[in-house]
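Input: a single structure, listed below in structure tokens.
The values are calculated or read from the model by the stated rules, or taken from the named source; none is laboratory data. These numbers come from a predicted model, not from an experiment. Virtual Cβ from ideal backbone geometry, glycine too; neighbours counted across all protein chains shown. Keep in mind that these areas ignore ligands, DNA and RNA; they rest on the heavy atoms of the full protein, side chains included. Shrake-Rupley method; radii C 1.70, N 1.55, O 1.52, S 1.80 Å.
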Amino acid sequence: MSPVLQGGAPERLRRAIVCRLGLQFEDAKLELLEGVATERLAALGRPPVERWLGRVEAGDQEELDFLAERLTVGETYFFRNGNDLRAFVEVVIPARLAARGGERRLRFLSAGCSSGEEPYTLAMLLGDVPRLAGWDVGVRGVDVNPAALARARTGRYSAWSLRQTEPDARDRYFEGGGREFAVRPAARAMVSFEQRNLVEDDPALWVRGAYDAIFCRNVTMYFAPEVSRRVVDRIAASLAPGGFLFLGHAETLRGVSGRFHLRHSHDTFYYQLRGEAEDGALEPRPALQAGAAAAPPPGPGWPEVIHAASARVAALTGGAAAALLHAAWTPVPPGGPLQLSRALDLARQERYGDALALLAARPVETETDPDALLLRAVVLASSGDPAGAEVACARVLAVDELSAEAHYVMALCREHARDAEGARNQDHYALYLDPTFAMPRLHLGLMAQRAGDREAARGELARALALLAGEDASRVLLLGGGFSRDTLMELCRTELRAAGGTA
């Protein structure tokens, strides 16, 4: 049977789905779209494809409902990601109680709530907070999939939805048993469900300052990048001052929004809305693209050049930084503007000593330029001033809180200060912000090796080795501190074997 979508029809459907639902499908998923289109056209009596595509492009609600039911991912269960929930109970709720004491009213949004397990979970946790007695508390669950919402409104679930629910919690929050469990009335009364499309500029959903916390977990990862940015902007506008945002563990605001502080507690990451005085001060910075060219003057667009110096790997291998500065330092005349572009060129030529000397020739011109501050941190670290480097990193993070590179350099500084836990935390910040970043994995592996934790060392070094193997050559040049890919990978292999692993 020939495909029902021919010629330009598959691309039209893909564009329409991005426009109307925000969902992005790569070429490998075109077969899925073909199957969905075939099913729908058969159900409609096989109308002309052109007519059906026109209805989808025009935003016909019946067609969008069908596509949402077939294309959205509804995987969820009660008490999912317990670390997020502990942070919600122990950090978010107390903070919002303090902020809303005069109003005695709290509102929470589960955006992309699917079949309702998440908003009901939040209601159960809120119902256990004695200080909320007498408060007006509500949880709003919204989703684009009408079938999922119909299941949510019943409040009835199979044992599979409770697979991470402890027996005492199951008995406390649910009625029934065996093959079906029903959410108890107290939690159900706190939750409302509505069909809403996060992609739309819906004034009834995105009420300014309405929500104390928004859970939008494992939703934006399916959106096209430009859609994610718009949705996060609306989330920011609809949060109350100091409100919180929880994303999925594979999602980050790096390169998406600069309107939030990154928070870390209870072994999880989440976000808190910046104050109005800070709002807009931080623009999202794009992640490194392998093989990309440097930005034109006055300065480069790749803060990742920090790694060309910071990964002197002295802090990683225990060797002296000076031994790794294989290019001679040449004096630079004082005065004149800070030449970041020239420093980047020198670094890309592996003339790291010259690049550092150029940056050290005069103070950083501005305290709001994260590229210059990041490079300054490396100059200080390489010249034997890790305390000064840490101060410079703190200034970077004050400007660009989602800089994976600054968190990584901070990890090196923390290790030098004999703060192993602080170093690990900073490495984990870097990895959360950029999961493909090999150097923090290498750092964690080598620290674990030195601490005698061979199992942790094996895991981190194996991950570092895998990440390094997939790195583009230009990225290895920038991030490898002058080492080739082969040298860095051999370091991983050697340490991995020493930890009892196989390489």
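Computed values, structure above
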| item | result |
| --- | --- |
| For segment 436-453 and segment 10-33, distance of Cα centres in Å | 40 |
| Computed magnitude of the charge dipole of segment 1-133 (debye, nearest 20; Cβ of K, R +1, Cβ of D, E -1) | 600 |
| For segment 424-431, 3J(HN,Hα) per residue [Karplus equation, 6.51 cos²θ - 1.76 cosθ + 1.60, θ = phi - 60°, Hz, x = Gly/Pro] | 4, 4, 5, 4, 5, 4, 4, 6 |
| In order through segment 154-164: 3J(HN,Hα) via Karplus (6.51 cos²θ - 1.76 cosθ + 1.60), integer Hz, x for Gly, Pro | 6, x, 10, 9, 7, 4, 5, 6, 9, 5, 10 |
| Theoretical gain in end-to-end length, VAL391 to GLU103 [0.36 nm per residue, Cα-Cα removed] | 99.7 nm |
| Backbone HN-Hα couplings from phi across segment 487-503 [Karplus 6.51/-1.76/1.60, Hz, Gly and Pro as x] | 5, 5, 5, 5, 4, 4, 4, 4, 5, 5, 5, 5, 8, x, x, 10, 10 |
| Residues whose placed amide H lies under 5 Å from that of GLY209, excluding near-sequence neighbours | SER238, LEU239 |
| Segment 1-109: radius of gyration over Cα atoms, expressed as a fraction of 2.2 N^0.38 Å | 1.60 |
| Placed amide H near LEU402: partners under 5 Å, 5+ positions off or other chain | none |
| For segment 167-233 and segment 51-122, distance of Cα centres in Å | 2 |
| Kirkwood Rh (inverse of mean 1/r, distinct Cα pairs), segment 109-243, angstrom | 15.8 |
| Rounded accessible area of GLU200 (nearest 10 Å², 1.4 Å probe) | 90 |
